[in-house]
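Read the structure below first, then the notes.
Taken together, the values in this text are just the output of simple stated rules run on the coordinates, not laboratory data. None of the values given here were measured: they were computed from a predicted structure. Note: ideal-geometry Cβ built from the backbone for every residue, glycine included; neighbour counts use all protein chains shown.
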Amino acid sequence: DQARQVLFDQGAADALSPNAVVVAACTQPPAQAQRLAKDLAERGIGFLDAPVSGGTKGAAAGTLSIMVGGDPALTQRLDGPLKAMAGRIFQVGPEPGMGSTAKMVNQLLCGVHIAAAAEAMHVAERAGIALPIMHEIVSVSAGNSWMWGDRGPRMMQDDPEVTSAVDIFVKDLGIVLSQGEVMRAGLPLAAAARQMFLAASGLGHGAADDSQVIRAYRALNDRRAANDA
């Protein structure tokens, strides 16, 4: 929605020359990327559906993964600018929407992995295991994941720096589930993970770092209620 506002409501598309190319790096439903491409094509403007993964750290380091859906000739034309931002560039397919579909699959896994890491961390916390020790154990064991390694330390902090907010996964997993409905695909793990992010947001933590989905688990299993029982 923000991309459409910038391009059409705020006049960016009208200010571009006919041979310009818009690279949309936002996370959006595939159908929305297709609509952007169509509306820009009517103005003679090229379009690449090119969402990214790697977060703020990857952006600062120029090591993002970029998933491109669109004309490979346009990807080649923009090889320099894309490589300046990316560690890897993946040409997913020739049509807009295909990059967004790849990003959607990635976000499904990210959201589920963060929620699963928070659930596991909360179990250890509730059982009285020192969280730094638990984190180290899993980090060298079969249960490890990239999200456990990255988000786990932040789950131990009261107010970690925000690199990706809880509400981003409310949105992104919503995209996953909406597309699953279009495809008639049951996605129970994505649905369960989104419920925990929704709960964290509803508790007032929507702007907090996404690792703080653990707060929803703490609220669900309130220690005081457990002690009273």
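Taking residue 171 as the anchor, which lysines have their alpha carbon closer than 17 Å to its alpha carbon, excluding any fewer than eight residues away along the same chain? Once the sequence-local lysines are set aside, what remains near residue 171 is 103. Sequence-distant contacts, meaning Cα pairs under 8 Å at least 6 residues apart, place the relative contact order of the chain at 16 percent.
Within the chain, the whole DSSP H helices whose Cα atoms reach 27 Å or more along their own axis and whose mean Kyte-Doolittle score is at least -1.0 are 98-127. Based on C-alpha pairs under 8 angstrom that are at least 6 apart in sequence, segment 1-92 has a relative contact order of 22 percent. For residue 187, the amide hydrogen comes within under 5 Å of no other amide hydrogen, counting only partners 5 or more places away or on other chains and with H modelled in the peptide plane. Phi-derived couplings, Karplus 6.51 cos²θ - 1.76 cosθ + 1.60 at θ = phi - 60°, listed residue by residue for segment 21-29: 10, 9, 10, 9, 9, 6, 8, 8, x Hz, with x used for Gly and Pro. Backbone amide hydrogens, once placed in the peptide plane, bring residue 22 within less than 5 Å of 46, 47, 48, excluding anything fewer than 5 places away on its chain.
Summing Lys and Arg as +1 and Asp and Glu as -1 over all other residues whose Cβ lies under 15 Å from the Cβ of residue 45 gives a net charge of 0.
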